[in-house]
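Asks: Here you go, one structure.
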Amino acid sequence: MPVPVAPLRHSRCSRGTTHGLLALALAASACAGPGGDEHPAGGGDSAGTGPAAPNSASAGAESTYYRTVAFLSMANRQTMIVPWDFENRSTGEGVQRTFRGWLGRGGRWSQFADEEDEEWITPPSRSPWGILLRGEARLIVGDGGVVRELYYRKGIRDLSVRPGALIAEWRGSGGDTYRLHTARARLAEVEYGGVAIDAFATGPGGQSHPPGWLLLVGDGPLYLLVAESRGAGSHRAWALRGDDETLWPAVALSWTETATYGSVGLEVPVAWTLDSGDGTLVGEIEPVASQLQAVGGEGGVLPALGGFEVEGEVRVDGAEVRVRGFLRSFASR
């Protein structure tokens, strides 16, 4: 369940110090509950596989598969963000599945998936990376396991996300895949237009979190994705402006300001700079709203899942653009 956070106490970091997207942990407990009916993606175990299914050799080993489908609507300064997070941990005994979903609107976040929908175990599978849902969540997929619709209905809640045409596909280190789509969302029978990013990553069974990433959207339109590079201590970035696509194999995403959460003295970033080192990509962003949640583990300090609605300004090849977007981070201290 979401972890309440205390008011922030701001402090400054030395400019130019590079960190990961987020390095935080919360002293809290994660809850798991009994399950309900399961709903295979598209009616089969292999559906909902993601942008690129792992090869058969890696599928047999103990592995963890991460996928986030996040909808963003930035029209008329009315931001709406809907991240759906899926984590499948495959072992010889079965597949431990975790599903979390949030709704961010007007600077406020709420979790729409109930605790009993969050975590459960299914028997061993030939395609453990496939999405399975249960309870009030449903999934519709198309050819190749492409997500066509995610929806959640319970009580007065009526929320759906429908990815549409593919805008771009980018591949990071370690086979991580990021697909950007046009998208529509519906909330309480009201339709919203925007984009959806479908992020897919794999890791060894004991890995604590996948790479974090940041998606920024600006006029033009400009789409800018920044993703952590595995084990490299840096990031990779892609920009799409019209038909022009640019790759930066190494960029620095640096904290320039932090805030302290409550009595535990937990420092988290509240301002970042972005710099490619050659002047072709620079920027500054800050959070508008954030949500943090402990996501399980052992001991008093647990890994945390963070999401930030952000805004700021970037300069790409000399052109300055105001941007807004979403930063997704998984990390532990």
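Asks: Being under 10 Å from the mean Cα position of the chain (by Cα) and assigned to a loop (DSSP other than H, G, I, E, B) is the filter; apply it to the stretch 198-217 and report the residue that is modelled with the lowest pLDDT. If you could, list the steps in order and put the result at the bottom.
Replies: Step one: filter the stretch 198-217 for residues under 10 Å from the mean Cα position of the chain (by Cα), giving 198-200, 210-215.
From the residues that got through so far, the ones that are assigned to a loop (DSSP other than H, G, I, E, B) too are 210-212.
Working: 210: 74, 211: 81, 212: 87.
The residue in question is 210.
Asks: Further, regarding this structure: Please pick out the residue among 130, 145 that is under 29 Å from residue 216 (Cβ atoms) and either under 18 Å from the mean Cα position of the chain (by Cα) or not acidic (Asp, Glu) (or both).
Replies: 145
Asks: With the requirement that a residue be among the hydrophobic types (A, V, I, L, M, F, W, C) and either more than 14 Å from residue 275 (Cβ to Cβ) or in contact (Cβ under 8 Å) with a residue 60 or more places away in the chain (or both), what does the stretch 227-255 give you? Walk me through it before giving the result.
Replies: Going through the stretch 227-255, the residues among the hydrophobic types (A, V, I, L, M, F, W, C) turn out to be 227, 232, 237-240, 247-248, 250-253, 255.
Hits for the stretch 227-255 are 227, 232, 238, 239, 240, 247, 252, 253, 255.
Asks: Can I ask one more? Looking only at the stretch 143-170, which residues are surrounded by fewer than 21 Cβ atoms within 10 Å (Cβ to Cβ), touching a residue at least 12 places away in the same chain (Cβ under 8 Å) and over 25 Å from residue 80 (Cα atoms)?
Replies: Of everything in the stretch 143-170, just one residue is surrounded by fewer than 21 Cβ atoms within 10 Å (Cβ to Cβ), touching a residue at least 12 places away in the same chain (Cβ under 8 Å) and over 25 Å from residue 80 (Cα atoms), namely 144.
Asks: Between 295, 323, 310, which is among the β-branched types (Val, Ile, Thr) and modelled with pLDDT under 90?
Replies: 295
Asks: Being among the aliphatic types (A, V, I, L, M) and either exposed (fewer than 14 other Cβ atoms within 10 Å of the Cβ) or more than 26 Å from residue 227 (Cα to Cα) (or both) is the filter here; which residues of the stretch 174-196 pass it?
Replies: First, the residues of the stretch 174-196 that are among the aliphatic types (A, V, I, L, M): 180, 183, 185, 187-188, 190, 195-196.
If the condition is that a residue be among the aliphatic types (A, V, I, L, M) and either exposed (fewer than 14 other Cβ atoms within 10 Å of the Cβ) or more than 26 Å from residue 227 (Cα to Cα) (or both), then 187, 188, 190 are the ones that fit.
Every residue, every condition in (1) within 23 Å of residue 143 (Cα to Cα); (2) at pLDDT below 90; (3) buried (at least 20 other Cβ atoms within 10 Å of the Cβ), yes or no:
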residue	(1), (2), (3)
44	yes, yes, no
58	yes, yes, no
61	no, yes, no
72	no, no, yes
75	no, yes, no
78	no, yes, no
93	no, yes, no
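Asks: Okay, moving on. Taking only pairs six or more apart or across chains, which ones have beta-carbon atoms under 8 Å, a first residue in the stretch 188-205 that is within 16 Å of residue 74 (Cβ to Cβ), and a second residue that is assigned to a loop (DSSP other than H, G, I, E, B)?
Replies: Short answer, once both residue conditions are applied: 194/74.
The values are calculated or read from the model by the stated rules, or taken from the named source; none is laboratory data. Quick caveat, the model's predicted, so the values are computed rather than measured. A quick note on method: Cβ atoms are made from the backbone with ideal geometry, for glycine too, and the neighbour counts reach across all protein chains shown.
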